[in-house]
Amino acid sequence: MNLTNIIFIFTILTVVSAVKKTYDGYSLYKIIPKDNNEVNVLEEIKQKNLGEFWSDDFKIGLDAKIMVAPEKRDEFVQHVTNENIEATVAIEDIQTAINRQLNPDIIRASESYLSYSWSEYHNLNAIYTWLDELQTNHPDIAKTVVMGQSVENRDIKGIVINHHPERENKRIGMIEGTLHAREWISAATVTWIIKEFLTSDDPEIRALAENFEWHIFPVVNPDGYSYTFTDNRMWRKNRSPASIKTCPEGTDDDMSHGVDLNRNFDFQWLTVGASNDSCTNTFAGPTAFSEPETRAIAQYVGTLNEQGEFVYYIAFHSYTQLIIIPYSHVQSDGSLLSGNYGDMYEIAIRGADALRKRYGTTYRVGLSANVMYPMSGTSFDWVKHAYNVPVTYLMELRDIGEFGFLLPANQIIPTALETMDALVEMDRNTEKIGYYHASASGMFYSMTVVLAGVFVVLFY
Ligand SMILES: [Zn+2]
């Protein structure tokens, strides 16, 4: 091998190894703006690119989290000191938190099912392999389904769970996970729900599983999710190359290589809490439904709507611990727009109460504009608007910002357990309010038939 070849190979290796973004020395700062003046200072920090915000919307009283690169640290600290704003260090070294999230201390073998476990986070391949295993192990009730392909041509794979394929009138529930790539607890929790729906002995969980045909997709943004494992742990969007451009100093050009899928749906598209600039995390795309991932979800939801009584659509995100009710572009005076805000609020608040009982974790319930910030072009708002699915939420899972997207793996199971408590209680109330009647079919129906049989035998 001559020197040119060696240099050539060395160059390739350097390029490949240079791809993965590290967050060595990056710190996460927290600022809670107390007034409009401080909100403006946050805007300034954003304009000056002194750091990358975990969310691009600022509001009085709402935590803002800013990742600050080591080379920007002095300038950032100087700036907040000059403005007399309190900025606390939430995570000293982000790469250490990322490493810890990938290599949890405790591996508990009992918390696993087939090849999958909930004591660590898993990449896309592991999740898809597990879905195939589920179909093999539960052939009568579980079937994998591919709703479409991503920009980079990965399958968007999920599973359909139907404990009673013999039933003629189907009730349908759909669960969407990980539309935002870096929100790993979403995929982890949604896979737990799948496992519970297939294997739980708890009668209430079984009832929730059996009363519906469930369509569950742990990762609807497979390119972005894969990218968080291979290249950039903090990636949020899909990987659409259509709007790649040179970004302002301080922002990687790679930031423009993607669309925020939860701003790309064709309802109130680009009206509020979204950006037309591809160098931001909330880029809504060149047009509504410009992305194959959002079109696939919309099309799938449309076909489901024709197959039966569509009762639930729940999208899982993180973090902030919220149950968000449609619609997200309106303030509280617009809550009536969804038609059944009061019922959805009642169902959610009871779910949040049940969730709190296990570990004391508190969730807030309401419109996005009230509990977080207004936004538009989201999947769950679009589903509510297009098909008036009665019980539609976006749940922001743990935590409230201590670790944020980097939630340690030892919190996966607690998060999943309390979320399941909420779902069961929400379902109890959904039925109580009258959105469906379990007694009209299924378990209660079979019991009635059995009882009638006994009655006939006894009195013959
Ligand atoms: Zn999200």
Discussion item. Going by Cα centres, the stretch 311-386 and the stretch 40-77 are how many Å apart?
Written reply: 27
Worksheet item: Say the dipole of the stretch 283-365 comes from +1 at the beta carbon of Lys and Arg and -1 at that of Asp and Glu; which of A315, G351, Y300 then lies farthest toward its positive end?
Response: G351
Worksheet entry | Links that overshoot a 25 Å alpha carbon limit, given the list K357/K384; K157/K195; K20/K245; K21/K245; K30/K59; K170/K432 | K357/K384
Worksheet item: How much length is gained on full extension from N276 to D231, taking 0.36 nm per residue of separation minus their Cα-Cα distance?
Response: 13.7 nm
Item to complete: Could you please report the charge total around K30, scoring K, R as +1 and D, E as -1 over all other residues with beta-carbon less than 11 angstrom from its beta-carbon?
Response: -2
Worksheet item: In the stretch 161-195, what trypsin sites (Lys or Arg not before Pro) fall in a loop by DSSP, with at most 16 other Cβ atoms inside 10 Å?
Response: R167, K170
Fill in: Unit charges on C-beta of K, R, D, E only; dipole of the stretch 121-165, Debye
80
Discussion item. Suppose all protein chains stay in the model; what accessible area per residue would a 1.4 Å probe give for the stretch 294-345, in Å²?
Written reply: 37
Worksheet item: With the other protein chains left in place, how much accessible area per residue, in square angstrom, belongs to the stretch 21-102 at a 1.4 angstrom probe?
Response: 49
Discussion item. Could you report the accessible area of R239 in Å², rounded to 10, computed with a 1.4 Å probe on the protein chains as they sit in the structure?
Written reply: 10
Worksheet entry | Surface share of carbon and sulfur [accessible, 1.4 angstrom probe, percent] for the chain | 53
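The values are calculated or read from the model by the stated rules, or taken from the named source; none is laboratory data. As the structure is a computational prediction, the values presented were derived from the model and not from experiment. Heads up, the Cβs are rebuilt from the backbone with ideal geometry, glycines too, and the neighbour counts pull from every protein chain shown. All accessible areas refer to the heavy atoms of the entire protein, side chains included, with ligands and DNA or RNA removed. Shrake-Rupley method; radii C 1.70, N 1.55, O 1.52, S 1.80 Å.
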